[in-house]
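Input: a single structure, listed below in structure tokens.
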Amino acid sequence: MTLSAVLRRMKVPAVPHGFRSTFRDWCSENTNYPRDVAEMALAHAIGDKVEAAYRRGDLFNKRTKMMQAWADFCGQIPKAATNVTPIRKNRAAR
């Protein structure tokens, strides 16, 4: 709820679930962190009751490293794309 409140105050037309989904995609597509680490970072429940019964750790050290990698990724300044074709011409240029 905290992130939702921050977004509302900033008048950002987004929902936190989009951030969570983006994070999960980034983990799967751009890192080698195990699925369990990403799922625990998102506070997802373990669906398998047997696995949940045996899970004792919190993977804190692995989650810390993963979240630092995520912060580094989010802090990158994207390079200008050279292969983007505008859909609409700039109206001010007319």
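Just so you know, all these numbers are worked out from the coordinates, no wet-lab data involved. This structure is a prediction, so every number in the text was calculated from the model and none was measured. FYI the Cβ positions are ideal-geometry reconstructions off the backbone, even for glycines, and counts take in every protein chain you see.
Size of the dipole of the chain about the Cα centre, Lys and Arg at +1 and Asp and Glu at -1 on the beta carbon, nothing else charged, in debye to 20?
Numbers: 17 positive and 8 negative charges, 150 e Å.
Roughly 720 debye for the chain.
Relative protection proxy for 48-54, 3-9, 34-40, from highest mean packing down: 34-40, 3-9, 48-54 (other beta-carbon atoms within 10 angstrom). A crude spin-label estimate for the pair Glu39 and Glu51, with each label 7 Å from Cα along the Cβ direction, gives 0.3 nm.
Working note: 222 nm ellipticity from helices only, DSSP H runs with n ≥ 4, each -39,500 (n - 2.57), summed and divided by the residues of the chain, gives -16500 deg cm²/dmol to the nearest 500.
For the chain, the longest principal axis of the Cα atoms and the long axis of helix 60-74 meet at an angle of about 0 degrees. Could you give the angle, 0 to 90 degrees to the nearest 10, between helix 16-30's Cα long axis and the longest principal axis of the Cα atoms of the chain? Rounded to the nearest ten degrees, it is 80.
Normalising by residue count, segment 16-79 has a Cα convex hull of 95 Å³ per residue. Sequentially through segment 40-54, phi angles give Karplus couplings (6.51, -1.76, 1.60; θ = phi - 60°) of 5, 4, 8, 6, 7, 6, 7, x, 7, 5, 5, 4, 4, 5, 8 Hz, Gly and Pro residues having no value and appearing as x.
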